[in-house]
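Engineer: Dumping the structure here so I can ask a few things about it.
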Amino acid sequence: MKLTIDSSLSGKRLDEALFASGLFISRSKAKEAIEEGRVSSTFKIKSSLKVEEGMVFEIAESKTPSSLKGEDIPLDVIYEDEDILIINKEAGLLVHPGNGHPDGTLANALIARGIAVGDNSRPGIVHRIDKDTSGLLAIAKTELAFASLSEQLSTHLMHREYKALVNGIIVEDDAKIDAPIGRDSRERTKLKVDLKGKEAITFIHVEKRFPKAQVTLVDCTLLTGRTHQIRVHMDYIGHPVIGDPTYGRGNRKIYDKGQLLHAYRLTLTHPRTKKEMSFEAPLPSYFKEILEQLD
């Protein structure tokens with residue numbers, strides 16, 4: 001990456017200028033890059049250097065070794081450029097290693113592709129979806145992208161929409177579920193609606209009702225991104241996601257191989273061009289087959 005100092009950055013310390021330019025998620029990360037020797041120019045590089053308009057700096061990406069091993073795992077790539085990678089994750093693929101799953105994850109695949117920004121155990125990963133949830137994920141390939149996508153997530157400027165088949169008939173055409181989510185004290189691997197938990201808001205829109213089977217196809221839009229948010233919220237209102245092995249009862253008769261939940265649309269602002277980009281991924285074949293059977 002290259003940074004040319006303009007009038008808005010002139011007079012700042014180098015680490016401040018790198019952070020203010022949006023190339024790093026924090027000033028400390030910018031300082032870290034300087035100390036690692038990843039920032040170069042014709043000038044003597046140090047964090048306290050006062051930059052002037054017209055100065056040019058080259059910033060190399062972090063190559064800190066990861067404890068993960070790279071694995072050649074095929075990915076369904078929807079879009080890729082120098083900054084971002086958009087993939088359609090298949091159900092069954094873990095996003096990053098967890099208890100009992102040290103490898104075979106998306107993170108291992110990203111290491112193999114040379115992605116090394118952000119957390120070494122989660123290279124390029126700024127948001128995640130559950131193992132048995134399919135759909136779109138945005139991956140950062142550069143420090144610029146990592147900072148930008150992280151900011152878009154925290155300020156709710158990145159929009160994520162899901163299709164879910166849920167148990168029962170939802171009467172309302174549109175609804176807002178505003179219910180905080182916290183850890184379930186009885187089962188630590190589960191979450192639940194908890195007034196002391198973190199804010200969690202999901203908007204739902206009914207796409208189709210199947211009265212005979214007593215299920216409903218809904219479109220869910222996340223305002224926040226809590227772990228298991230849609231699954232917890234739908235169970236909370238009495239309409240658990242079909243196939244979900246963790247949340248809900250009586251919701252595994254039609255399908256029992258994991259939740260029928262798919263992240264089908266992702267909208268974001270490109271980190272470098274600042275243009276809005278929207279991506280879509282079709283429903284996986286098993287999800288389509290269920291809907292065809294219901295029809």
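The values are calculated or read from the model by the stated rules, or taken from the named source; none is laboratory data. Values in this document were obtained by computation on a predicted structure and should not be read as measured data. Ideal geometry is used to build each Cβ from the backbone, glycine not excepted, and the neighbour counts take in all protein chains shown. Surface accessibility is based on the protein's heavy atoms, side chains included, excluding ligands, DNA and RNA. Shrake-Rupley method; radii C 1.70, N 1.55, O 1.52, S 1.80 Å.
Engineer: Just checking, which of G11, G92, G98 is touching a residue at least 40 places away in the same chain (Cβ under 8 Å), within 25 Å of L153 (Cβ to Cβ) and out of contact with any Leu (no Cβ under 8 Å at 6 or more places or on another chain)?
Structural biologist: Only one candidate qualifies: G92.
Engineer: Just give me the residues in the stretch 246-270 being hydrophobic (A, V, I, L, M, F, W, C), open to solvent by less than 30 Å² (accessible area, probe 1.4 Å) and part of a loop (DSSP other than H, G, I, E, B), in sequence order.
Structural biologist: L260 - this is the single residue of the stretch 246-270 that is hydrophobic (A, V, I, L, M, F, W, C), open to solvent by less than 30 Å² (accessible area, probe 1.4 Å) and part of a loop (DSSP other than H, G, I, E, B).
Engineer: Sticking with this one: Would you check which residues across the stretch 275-288 are open to solvent by 60 Å² or more (accessible area, probe 1.4 Å), part of a loop (DSSP other than H, G, I, E, B) and either modelled with pLDDT under 95 or closer than 14 Å to E161 by Cα (or both) and list them?
Structural biologist: If the condition is that a residue be open to solvent by 60 Å² or more (accessible area, probe 1.4 Å), part of a loop (DSSP other than H, G, I, E, B) and either modelled with pLDDT under 95 or closer than 14 Å to E161 by Cα (or both), then P282 is the only one that fits.
Engineer: Could you give me the residue pairs with C-beta distances under 7 Å whose first residue belongs to the stretch 284-295 and is within 18 Å of E90 (Cβ to Cβ), whose second residue is aromatic (F, W, Y) and surrounded by 14 or more Cβ atoms within 10 Å (Cβ to Cβ) wherever it lies, and which are 6+ apart or on separate chains?
Structural biologist: Cβ pairs passing all conditions: I290/Y255.
Engineer: Residue check: is G243 modelled with pLDDT of 95 or more, open to solvent by less than 20 Å² (accessible area, probe 1.4 Å) and in a loop (DSSP other than H, G, I, E, B)?
Structural biologist: yes
Engineer: Okay, next question. Given the conditions (1) farther than 30 Å from I78 by Cβ; (2) modelled with pLDDT of 95 or more, and given that R186 satisfies all but one, which numbered condition is not satisfied?
Structural biologist: Evaluating R186 over (1) farther than 30 Å from I78 by Cβ; (2) modelled with pLDDT of 95 or more leaves (2) as the failure.
Engineer: State the number of residues belonging to the stretch 75-132 that are β-branched (V, I, T) and closer than 20 Å to L23 by Cβ.
Structural biologist: 5
Engineer: Going through the stretch 206-226 one residue at a time, which ones are within 24 Å of the chain's Cα centre (by Cα) and either within 19 Å of H156 (Cα to Cα) or not in a strand (DSSP E or B) (or both)?
Structural biologist: Result: D219, C220, T221, L222, L223, T224, G225, R226.
Engineer: For the stretch 15-31, which residues satisfy the criterion of being assigned to a loop (DSSP other than H, G, I, E, B) and of a type outside the set (S, T, N, Q)?
Structural biologist: G22, L23, F24, I25
Engineer: Can you pull out the residues in the stretch 264-276 that are within 18 Å of A140 (Cα to Cα) and either polar (S, T, N, Q) or touching a residue at least 60 places away in the same chain (Cβ under 8 Å) (or both)?
Structural biologist: The answer is R265, L266, T267, L268, T269, H270, P271, R272, T273.
Engineer: Output the residue which, of all residues in the stretch 5-31 that are within 20 Å of S150 (Cβ to Cβ) and among the acidic types (D, E), is surrounded by the most Cβ atoms within 10 Å (Cβ to Cβ).
Structural biologist: My answer is D15.
Engineer: Among I111, I139, I129, which is buried (at least 18 other Cβ atoms within 10 Å of the Cβ), in contact (Cβ under 8 Å) with a residue 60 or more places away in the chain, on the phi < 0 side of the Ramachandran plot and not basic (K, R)?
Structural biologist: Exactly one of I111, I139, I129 is buried (at least 18 other Cβ atoms within 10 Å of the Cβ), in contact (Cβ under 8 Å) with a residue 60 or more places away in the chain, on the phi < 0 side of the Ramachandran plot and not basic (K, R), namely I129.
Engineer: Sticking with this structure for a sec: In the stretch 233-253, what residues are farther than 21 Å from L266 by Cβ and under 23 Å from the mean Cα position of the chain (by Cα)?
Structural biologist: D235, P240, I242, G243, D244, P245, T246, Y247
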